[in-house]
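Trainee: Please see the structure below; I have some questions.
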Amino acid sequence: MAAIITLSLLAILVLYLGLYKAQKFLLPVSLIGLATAIGFLVRDWQLQAEPAYSGMILFDHFAIAFAILCIAVTAVLLLLIKGYFDDLSHHLAEYYSLLLFSLTGAILVTAYHNFALLFMGIEIMSVALYILVGIRKKDFASNEAALKYFIMGAFSTGFLLFGITLIYGASGSFDLAAIRDYVALGQLPMMFYGGVLLLIVGLLFKVGAAPFHFWTADVYEGAPILITAYMSTVVKIASFAALLRLFSYCFIPVSEFWTPLFLVISGLTLVIGNLSALVQVSFKRMLAYSSISHAGYLLFALVGSQDVAANSLFMYVTAYAVATVVAFGVLIIVKRTTGSDHFEAFNGLSKKNPLMSLLLTVAMLSLAGIPLTAGFIGKFMMFSSLMSGTHIALLVVAIINAAIGICYYLRVVIAMYFKPVENEQVFQVGINYYLVFIILGVVTLLLGIFPNSLLQLI
Amino acid sequence: MSLFYVVALLSTFFALMTIFTKNPVHSVLYLVITFFTFTVHYILLNAQFLAVVNFIVYMGAIMVLFLFVLMLLNMNEDVEPMKSTLVKVMAVIAGCCLFVTVCGALHLFDTQTPLIEKDPSIGLVKNLGQVLFKEFLLPFELSSLLLLTAMVGAVLLAKKEPKRI
């Protein structure tokens, strides 16, 4: 709870810094605030976790681990913000503060213990993002993305609320523990199953799984790159934590009802995401579709063996987030220098900037799931949790899709290493970018070689 | 009970007027009156908070917004686009679906054992406030974050960017 208070106050403090034109304090103050929030969360790790504030919020190991991951990813993105929005606008402080508000919402979503709080968290997280997506007021694509995101987000919130209402109507409570006891009694009315279905629809809209993925590509492409990186990492981490907490805590006794649904959705997401990513010419759009396909792998945590679900989900999202941030970070630099986000813009990058190309290659290999990277460990854990069940058909689909994934992730590597240099523009890379890339590259390799530190975390 | 029938008759009448008037502005005004009769219904049902929210938010804010948009658009019969046959067929099908659903719901409706509310005072503002400030205190406080975020965002989007030289 101390972490949430810290983050809310930090966001307001940042607004005040903007008011007094203290632009150069924005980044240090935000980073110190985020570090304090992580400190509070780490302190809570040893405590006996109990639902606090009349059962509203629960900071158990699961919630703390995902919350720390969200905060850490945001901190890394804040490092990249320096020099990114500077040339865009004077209202830098408001961007920081909106990102921090959104992060607060994401942490509520990971730690909720009551549907009222889940709804509040999702709304805080999304409202800040509706604005950040449309931050380029003069850019047509950005406007379109913001409008689409807003309408689809409002729509999915309607589904979510209706689902919560129906479950409340059946069980008489918003509290997760009460709902779990109610489900365990058996004899559930149709209303309850309707509620679960609508909840699934609402939450899958947020994570962008097929067939609710149509907004994802356009919104991710239209939004500023940094905001896209935030959406495809922090928002996804938080939403998946919410899904897993809800289904593995409350709805396990009715798993024969929702498991087939998730099996179909997961397979569909994988096929649609990967095949669409294969035909893209824009690197940014390819990353958008690849994030859809990763949502498919992440859904394995729900259908696979529940003993390892939390740990494998955490490992997978960590690997995915780290690699995604590097990919978007490199894209920012390439886009700024060449003005294009197509694969051709990466041609001959290795000759001009060997270090950056090497780190991008590591990130791409991690996304594709090549051994010795974190992505491999994540995929391995997801696949093995599936193997213990009886979902062999989905496993076959997943393996074929992993192979397709390698094809399009390596396209950018081929462009960097084997295509001739087309233009002589010099890449201006800030020291903060190098710092972020190197740290994240080392993290990817370390997790790939010594994964034991994270395997038994939760 | 007689008051209920009077108000119910009025709501039905104004709801029908909303559909049948040709002028969109009149239609919205009739809708506002319909909502007002709903507010009376809520008070009759002892739901004070719902009545107030319906009055302020629906009637006061949303419908006035509707009215403004309609007036700004300056809609009348000349600029109204022609409705194609396809749209008409779709509307008929949708209307029939709604009719069937209502009939089915009425068929299932159990009029023999009317629902008796356990606690008739559950909708009073006093009880709502007690729940809001005891059990649901945390979400209530956090909603301030939501409102602040929306406010910051609205100002940010609406503010003019100073021109660079």
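We did not get these values from a lab; they are worked out from the coordinates using the rules stated. This is a predicted model, so every value here is computed, not measured. Quick reminder, even Gly has a Cβ in these numbers, built from the backbone with ideal geometry, and neighbours come from all protein chains shown.
Trainee: With labels modelled as points extended 7 Å from the Cα through the Cβ direction, what inter-label distance (nm, one decimal) is found for A:Ile12 paired with A:Ile431?
Mentor: Between A:Ile12 and A:Ile431, the label points sit 3.6 nm apart.
Trainee: Next question. Using unit Cβ charges (K, R positive; D, E negative) and no other charged atoms, how large, in debye to the nearest 20, is the dipole of the protein assembly as shown about its Cα centre? Display every interim value, and only then the final one.
Mentor: Numbers: 31 positive and 28 negative charges, 278 e Å.
Value, rounded to 20: 1340 debye.
Trainee: Tell me, what is a quarter of the convex hull surface for the C-alpha atoms of the stretch A:95-149, in nm² with one decimal?
Mentor: Mean shadow area of the hull around the Cα atoms is 3.8 nm².
Trainee: Points 7 angstrom from Cα along the Cβ direction at B:Leu86 and B:Met151: gap in nanometres?
Mentor: Label at B:Leu86, label at B:Met151, 4.7 nm between them.
Trainee: Expressed as cubic angstrom per residue, what is the convex hull volume of the alpha carbon set of the stretch A:267-458? If you can, show how the numbers build up before the last one.
Mentor: Values: hull volume 19.0 nm³, N = 192.
About 99 Å³ per residue, rounded to a whole number.
Trainee: Suppose each label sits 7 Å from its Cα in the direction of the beta carbon; what would the A:Leu185-B:Val6 distance come out to in nanometres?
Mentor: 4.4 nm
Trainee: Helix-derived [θ] at 222 nm for chain B: sum -39500 (n - 2.57) over DSSP H runs of at least 4, divide by residue count, nearest 500?
Mentor: That calculation yields -22500 deg cm²/dmol at 222 nm.
Trainee: Taking θ = phi - 60°, what integer Hz values does the Karplus form 6.51 cos²θ - 1.76 cosθ + 1.60 yield along the stretch A:287-298, in sequence order, with x for Gly and Pro?
Mentor: 5, 4, 5, 5, 5, 5, 5, 5, 4, x, 4, 5
Trainee: Work out, in µm²/s and without decimals, the Stokes-Einstein translational diffusion coefficient of chain B at 37 °C, 0.692 mPa s, Rh from Kirkwood over C-alpha pairs. Numbers along the way, then the final one.
Mentor: On the way: Rh = 20.7 Å.
Answer, rounded: 159 µm²/s.
Trainee: For the stretch A:196-211, in order, what is each residue's ³J(HN,Hα) by Karplus, 6.51 cos²θ - 1.76 cosθ + 1.60 with θ = phi - 60°, in whole Hz (x at glycine and Pro)?
Mentor: Each residue of the stretch A:196-211 in turn: 4, 4, 5, 4, 4, 4, x, 6, 5, 4, 5, 7, x, 8, 5, x Hz.
Trainee: What does the convex hull of the Cα atoms come to per residue for chain A, in Å³? Could the numbers behind the result be given before it?
Mentor: Numbers: hull volume 59.0 nm³, N = 458.
In chain A, the Cα hull volume divided by residue count equals 129 Å³.
Trainee: Once Rh for the stretch A:234-357 is found with the Kirkwood sum over Cα pairs, what is the Stokes-Einstein diffusion coefficient at 37 °C and 0.692 mPa s, in µm²/s?
Mentor: Reported coefficient: 202 µm²/s.
Trainee: Could you tell me what fraction of 2.2 N^0.38 Å the Cα radius of gyration of the stretch A:141-258 comes to, as a two-decimal ratio?
Mentor: So the Cα radius of gyration is 1.19 times the expected 2.2 N^0.38 Å.
Trainee: Another question, if that's okay. Could you calculate the FRET efficiency of A:Glu144 with A:Gln306 from 1/(1 + (r/R0)^6), where r is the beta carbon distance between them and R0 is 41 Å, rounded to 0.05?
Mentor: Details: r = 41 Å, r/R0 = 0.99.
Step by step, r from the Cβ atoms, then E = 0.50.
Trainee: What ranking do A:Phe383, A:Phe262 get, fewest neighbouring Cβ atoms within 10 angstrom at the top?
Mentor: Ordered by Cβ neighbours within 10 Å, fewest first: A:Phe383, A:Phe262.
Trainee: Dipole of the protein assembly as shown (Lys/Arg Cβ +1, Asp/Glu Cβ -1, origin at the Cα centre): which of B:Thr12, B:Phe49, A:Ile200 lies farthest to the positive side?
Mentor: A:Ile200
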